[in-house]
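Notes follow the structure.
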Amino acid sequence: MPKVFKKTKPELTKDESDNDPVRTLLEWKAPSRPYRKKDFSYYRTIAIIVVLLIFISIIAKEFLLIGALLAFSFVTYVLGFVPPEDIEFKISTQGVTIGDTFYFWDDLDSFWFSEKEGKAILNVLTRLRFPAQLMILIGQLTKDEVRNIVARYLPYQEIAPKSLVDTWAESLQRHFPLEKTSVSKK
């Protein structure tokens, strides 16, 4: 008659606990997008640009473009006026969860950190067509906390990759700001 051994669960070491099939490593709540309340000059500048483009579109008889410009201005107004809601973010042994959407580590490529509107952002490049990049606000967590966990699964890029469009957008923002820039008083 074969002997039956009762299996007991031994204490897991650090290396063995990483092989746990599904385990939440980090969990936090943060706004869904970077947000800063815009001042009146921002909305006025957007309105002037849109009105000028609409006049040009009327002259060129591009009525579909007028509709697109009005839709763009409405979205810009809403995103600048309505603060974002807080959503839950999770990093687990299988991937990243943003709200109700889950991304497996196999679908993600690399990561880096950036800052926008004074908030630290974890940027994750994906292998998917859409979304090509995830922008995750890290809230009250530190960059080192997040980097130590995500670096187990994805390569870290110290210098953020920039496309030609990113370079153009930064140049436009620098040379043609939509808001008054604050001048420090001495």
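The values are calculated or read from the model by the stated rules, or taken from the named source; none is laboratory data. Just so we're clear, the structure is a prediction, and the values are computed from it rather than from any experiment. Glycine also receives a Cβ, built like all others from the backbone with ideal geometry; neighbour counts cover every protein chain displayed.
Here are some notes:
- Residue check for Arg129: exposed (fewer than 11 other Cβ atoms within 10 Å of the Cβ), of a type in the set (Lys, Arg) and within 17 Å of the chain's Cα centre (by Cα): yes
- Restricting segment 68-92 to residues that are surrounded by 12 or more Cβ atoms within 10 Å (Cβ to Cβ) and among the acidic types (Asp, Glu), the residue that is nearest to Trp28 (Cα to Cα) is Glu88.
- Taking segment 101-119 as the range and being under 19 Å from Glu85 (Cβ atoms) and touching a Leu at 6+ places or on another chain (Cβ under 8 Å) as the test, only Lys119 passes.
- For segment 93-106, a residue qualifies if it is crowded, with 16+ Cβ neighbours inside 10 Å and under 18 Å from Gln140 (Cα atoms), and the qualifying residues are Val96, Thr97, Ile98.
- Looking across segment 21-42 at every residue that is modelled with pLDDT under 90 and not basic (Lys, Arg), the one that is surrounded by the most Cβ atoms within 10 Å (Cβ to Cβ) is identified as Tyr42.
- Residues in segment 129-181 that are touching a residue at least 60 places away in the same chain (Cβ under 8 Å) and assigned to a loop (DSSP other than H, G, I, E, B): Ile138, Gly139, Gln140, Leu141, Arg152, Leu178, Glu179, Lys180.
- The one condition in (1) modelled with pLDDT under 90; (2) part of a strand (DSSP E or B) that Ser110 fails to fulfil: (1)
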